[in-house]
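> Mind looking over this structure? Questions follow.
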Amino acid sequence: MSNETQSQAMQRICSLLDEGSFVEIGAGITARSTDFNLTQKQTPSDGVITGYGVIDGGLVYIYSQDASVLGGSVGEMHAGKIVSLYKLAMKTGAPVIGLLDCAGLRLEEASDALHGFGKIYLAQTEASGVIPQITGIFGMCGGGMAVIPALTDFTLMEESGKLFVNSPNALEGNIDSKCDTASAAFQSEEAGLVDFVGSEEEVLAGIRKLASMLPANNEDDMAYAECADDLNRAVPDLADCRMDPVLMLQRISDQQTYFEVKPAYGRDMVTALIRLNGFTVGAVANRSVLYDAKGNEKEKFDGTLSARGARKAAEFVRFCDAFSIPVVSFTNVKNYKASKCSEANMAKAVAKLVYAFADATTPKVNVITGYAYGSAALAMNSKSIGADLVYAWPDAKIGMMDSRAAAKILYADQGGDVIREKAEEYEKLQNSLEASVRRGYIDTVIHPEDTRKYLIGAFEMLFSKREMRPDKKHGTV
């Protein structure tokens, strides 16, 4: 490898791992195909550095593509090194991190390279749900290579990176200056494939933080850190944060440890990893307002559940359940988003969210912080679809729909005075928090400032939870 690329591909590894911990595997491997125009070309390490090291003392396997060797393209031996790394990771139960900078399939090796691509896909599929897989994209990631990050659990992307199946200029009626579908912005905001976008340093720091919060494998129940925070700490301003749960989650987490997943996609829903009593917990929360770093209102939502938000939450819950990461949901939703685009995807997206919560056997707790109306609220980890515990803040509103809207439907031919009177009656009888408590749909009414300690207590109680499901190959939703 050239010194320049040595410092680029290897430097990414060294910057990511604990200092001095990287051990390279297969450094002497080169391409062996001579089918087309490769006999005179040198391919040091066949364009990918592979090995293992540690992050915060935890073992990880890592590969980093070398763009100076045939553009970092994937050939037979290149793919074989990645597959061998996956086999080691599966044997030892440790995460795999891929740092991608690749021109795609190596044309000189044709079917050998294509077969290698397929073997990587197979290795990733077998590893899915067994060990965490994290991808960082730093350069090109096009064609069949784009499937690799899509098969992993988390994808972080440098701002200048390119991720695409078909290049923007290959799309009919489009050019990259019109709509750059390969950009990090498009892939994070529109496609929802990328979980985090930043500079190279920010991406590497994000991978480090993410890896330190995840269990090593699906049987690792020791994925926790020492908690230096007060387990009984009250959070007095929590009620003021319900509109933007990012603020709420940061406040209740141990020492504000927080990693948000897909912040640019489906922004009416927040998905994040936090820590409670040292343990990693997955959080899913409805959002009504998005504030910027200065506390100014950046974007406002209408309190509804969108198809994108539901899909984003469903994928996150499925990941958490695969690795037995407890899940807490914060419900504040009135209805489904009403638009032509949403309607085309809404039913299926909400079905996936319902299925994810209902099928999950990991500990599940729901906190109703505001509105919990209709079947949109049912989808947010309600008692009826399997939540282990449901808490509610004292001013929560729970029911079929807004009381005035219900009265208008029930008494459509009556005047305004009658509708107002019936709306008040409906609010007391059907939408009251007390009614849900009496029927057992709410376990405990808690004050907002006590949310952190109630959640810690709940997950401590649920630590040994075991729940069986009907014997079947797998569901179809």
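> How high is the relative contact order of region 167-325, in percent, with contacts defined as C-alpha pairs under 8 Å that are six or more residues apart?
19 percent
> What FRET efficiency would be calculated for the residue pair residue 21, residue 463, taking the C-beta separation as r and a Förster radius of 41 Å, to the nearest 0.05? Display every interim value, and only then the final one.
Details: r = 31 Å, r/R0 = 0.76.
Taking R0 as 41 Å, the efficiency between residue 21 and residue 463 is 0.85.
> Continuing with the same structure: Looking at the calculated P(r) for region 232-277, what percent of the C-alpha pair distances fall above 15 Å?
Numbers: 460 of 1035 pairs.
For region 232-277, the share of Cα pairs beyond 15 Å comes to 44 percent.
> Would you mind calculating the relative contact order of the chain from Cα pairs under 8 angstrom and at least 6 residues apart, reporting the percent as a whole number?
Details: 1015 pairs, mean separation 43.0, N = 477.
It rounds to 9 percent for the chain.
> Is the shape of region 262-409 best called rounded, prolate or oblate, per the rule: a/c under 1.5 gives rounded, else a/b larger than b/c gives prolate, else oblate, with a ≥ b ≥ c the square roots of the Cα gyration tensor eigenvalues? Provide the component values of the computation, followed by the final result.
Working: a/c = 1.36, a/b = 1.24, b/c = 1.10.
Rounded.
> Over region 215-356, what is the percentage of antiparallel beta bridges among all DSSP beta bridges, to the nearest 5?
Details: 16 of 22 bridges.
Here the antiparallel bridges make up roughly 75 percent for region 215-356.
> What percent does the relative contact order of region 241-315 come to when contacts are Cα pairs within less than 8 Å and at least six residues apart?
Relative contact order, region 241-315: 29 percent.
> Same structure again: Using the alpha-carbon atoms, what tilt in degrees (0 to 90, nearest 10) does helix 200-213 show relative to the longest principal axis of the chain?
Taking the Cα atoms of the chain, the angle to 200-213 is about 60 degrees.
> Kindly provide the helix-only [θ] at 222 nm of the chain, computed as the sum of -39,500 (n - 2.57) over DSSP H runs of four or more divided by all residues, to the nearest 500 deg cm²/dmol? Walk me through the numbers before you get to the answer.
Details: 14 runs with 153 residues, N = 477.
Dividing the helical sum by the residues of the chain leaves -9500 deg cm²/dmol.
> I need the peptides 133-140, 195-202 ranked by packing, meaning the mean over residues of other C-beta atoms within 10 angstrom, with the highest value on top.
So the peptides 133-140, 195-202, ranked by packing, come out 133-140, 195-202.
> Sticking with this structure for a sec: Report, largest value first, the span of the C-alpha coordinates of region 59-209 along each principal axis, in whole Å.
47, 38, 27
> Here's something else I'd like to know. Over region 122-243, what percent of the accessible surface lies on carbon and sulfur atoms, probe 1.4 Å? The partial results should precede the final answer.
Values: 2800 of 5480 Å².
Here it works out to 51 percent.
> Share of region 253-405's accessible area from carbon and sulfur, percent, 1.4 Å? Display every interim value, and only then the final one.
Values: 2880 of 5550 Å².
Here carbon and sulfur together make up 52 percent of the probe-accessible area.
> Please report, to one decimal in angstroms, the Kirkwood hydrodynamic radius of region 50-105 built from all distinct Cα-Cα pairs.
Working: mean 1/r = 0.0848 Å⁻¹.
Evaluated on region 50-105, it is 11.8 Å.
> Amide H neighbours of residue 330 under 5 Å, counting only residues 5+ apart in sequence or on other chains, H built in-plane at 1.01 Å?
Residues meeting the amide H criterion: 284, 285, 286, 367.
> Applying a 10 Å radius around every beta-carbon, put 324-330, 14-20 in order of their mean neighbour count, most first. Mind showing how you got there, number by number?
Numbers: 324-330: 23.7, 14-20: 15.3.
Answer by packing, highest mean first, reads 324-330, 14-20.
> Still on this structure, I have one more. Compute, for the chain, the length of the dipole vector about the Cα centre, with Cβ point charges of +1 (Lys, Arg) and -1 (Asp, Glu) only. Units Debye, rounded to 20.
Roughly 1320 debye, rounded to the nearest 20.
> Separate question: Could you give the angle, 0 to 90 degrees to the nearest 10, between helix 451-461's Cα long axis and the longest principal axis of the Cα atoms of the chain?
Relative to the chain, helix 451-461 is tipped by roughly 70 degrees.
> Ok, one more. Where the centre of each part is set by its Cα atoms, how far does region 147-217 sit from region 246-296, in angstrom?
What the calculation gives is 20 Å, centre to centre.
> Now, a different point. To the nearest 10 degrees, how steeply does helix 110-127 sit against the main Cα axis of the chain, on a 0 to 90 scale?
It is inclined by approximately 40 degrees.
> On to the next question. If packing is taken as the average number of other Cβ atoms within 10 Å across a peptide's residues, how do 452-460, 94-102 rank, most packed first?
Result, highest mean first: 94-102, 452-460.
> If the limit is 30 Å between Cα atoms, which of 262/334; 340/473; 91/209; 91/465 go over it? The partial results should precede the final answer.
Values: 262/334 23 Å; 340/473 36 Å; 91/209 24 Å; 91/465 27 Å.
Violating the 30 Å Cα-Cα cut-off are 340/473.
> With N set to the residue count of the chain, report its C-alpha Rg divided by 2.2 N^0.38 Å to two decimal places. Mind showing how you got there, number by number?
Details: Rg = 24.7 Å, N = 477, 2.2 N^0.38 = 22.9 Å.
Dividing the Cα Rg of the chain by 2.2 N^0.38 Å gives 1.08.
The values are calculated or read from the model by the stated rules, or taken from the named source; none is laboratory data. Remember, it's a predicted structure, so these values are computed and weren't measured experimentally. Cβ atoms come from the backbone with ideal geometry, glycine included; neighbour counts cover every protein chain shown. The protein model used for the area step is the full one, side chains on, heavy atoms only, and it has no ligands, DNA or RNA in it. Shrake-Rupley method; radii C 1.70, N 1.55, O 1.52, S 1.80 Å.
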